[in-house]
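Heads up: the structure comes next, in structure tokens.
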Amino acid sequence: MTKEELIAKLKTIVKPYIQDEDAFENLSEHTDFINDLKINSANLVDVILDVEDEFDIRIENDDMEKMISVKAAMDIVNEKLAAK
Amino acid sequence: MIGNDVVDLNQAHKDSNWMRPRFLEKVFTQNEQALIFSSKNEHQTVWLLWSMKEAAYKIYVRQFGERFFNPKRLECAFESKTKGRVVIEDVVYKTTSQYDKNYIHTIASRLGEKGVKSSCLKIENSSIKLQSQLSRKDVLEAYSKNQNVHNNSVTIKKDTLGIPHFFQNNKKQKETLSISHHGHYCAYAIL
């Protein structure tokens, strides 16, 4: 999966939870889930669970801990997919 | 140091399904899950624990300058219906929560400091932009009244960690501020 494909998939996953449309339109690797997209922290749990379902992976809490930005989420997903 | 968090229980009901597979395991320790399932109102207990974790997390970020997303790292225990404590590694925070069937508001403090000024208001409009504006206006009014200064000279700015601070004539003030809004509720705590 290319970087662009992964970003596109993550964009689809976060869409139902975002509260800042402008930040969502301009979503990039550097986008922060909470500070930029204004995703409610309880919904960040849903984002993590949706990522697990979409990529058929399991994210331990130690990895989840870093997932506050698109870049961090991409790193974890890539790591988990490579380990499959 | 303080942190606060408000949960609109009706909004939480609409936005989050904590019964979703793996949700509870990601967020709550075994002890906390036992507290939830032995309580009379599971929905309320889930969000009471959540608000305690969030309020304590806000102090932790202030204290150690590190953000992370792992609610399970903060473990809650109840001391009474309204008082509790949240432990993360060897750090303990004290919490006080106010709640009814519509909302939960928790204030966490590092040392159980006295003299915290707080407010939790219900607002009609629940759009996030308006919430943010209203809670800032409310908190600025309270602060400037207390400091006996004109509220035009005080502003609130967030730092890179997302922590809000008071500035008066562009000078950062010593008081710590925590703002929270969710659904139809806006809350703040100042110390």
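With a length cut of 30 Å (Cα positions projected on each helix's long axis) and a Kyte-Doolittle mean of at least 0.5, go through chain B and give me the DSSP H helices that pass.
Numbers: long enough: B:42-64 (32 Å, -0.29).
None clear 30 Å together with a mean of 0.5.
Order these by the 10 Å Cβ neighbour count, fewest first: B:105, A:30.
Numbers: B:105 25, A:30 10.
In order of increasing Cβ crowding within 10 Å: A:30, B:105.
Taking 0.36 nm per residue of separation and subtracting the Cα-Cα distance, what length does fully extending residue A:20 through residue A:61 add? Don't jump to the answer; show the numbers that get you there.
Numbers: separation 41, 0.36 × 41 = 14.76 nm, distance 2.64 nm.
12.1 nm is the gain from fully extending residue A:20 to residue A:61.
For the stretch B:104-191, GluC sites (Glu not before Pro) are listed when DSSP marks them as loop and at most 10 other Cβ atoms sit within 10 Å of their Cβ; the list is B:124.
The GluC sites (Glu not before Pro) found in the stretch B:1-99 that occupy coil by DSSP, while having at most 15 further C-beta atoms within 10 Å, are B:66, B:79, B:89. Here chain B is scanned for trypsin sites (Lys or Arg not before Pro) in DSSP loops (not H, G, I, E, B) that have at most 12 other Cβ atoms within 10 Å, and the longest stretch holding none of them is B:115-191. Give the residues of the stretch B:98-136 whose amide nitrogen is closer than 15 Å to a point set 7 Å from the Cα of residue B:43 in the direction of its Cβ. Taking a point 7 Å out along Cα→Cβ of residue B:43, the residues of the stretch B:98-136 whose backbone N falls under 15 Å are B:100-104.
Just checking the listed ones, A:42, A:72, A:23: in the Gaussian network model of chain A with Cα springs under 10 Å, the one fluctuating most is A:42.
Say each of residue B:111 and residue B:25 gets a label point 7 Å from the Cα, pointing the same way as Cα to Cβ; how far apart are those two points in nm? A separation of 4.2 nm, rounded to one decimal place.
Estimated from helices alone, the mean residue ellipticity of chain B at 222 nm is -10500 deg cm²/dmol (sum of -39500 (n - 2.57) over DSSP H runs with n ≥ 4, per residue).
Coordinate-derived values only; no laboratory data. These numbers were taken from a predicted model, which means no experiment stands behind them. Here Cβ is always computed from backbone atoms with ideal geometry, including for glycine, and neighbour counts include all displayed protein chains.
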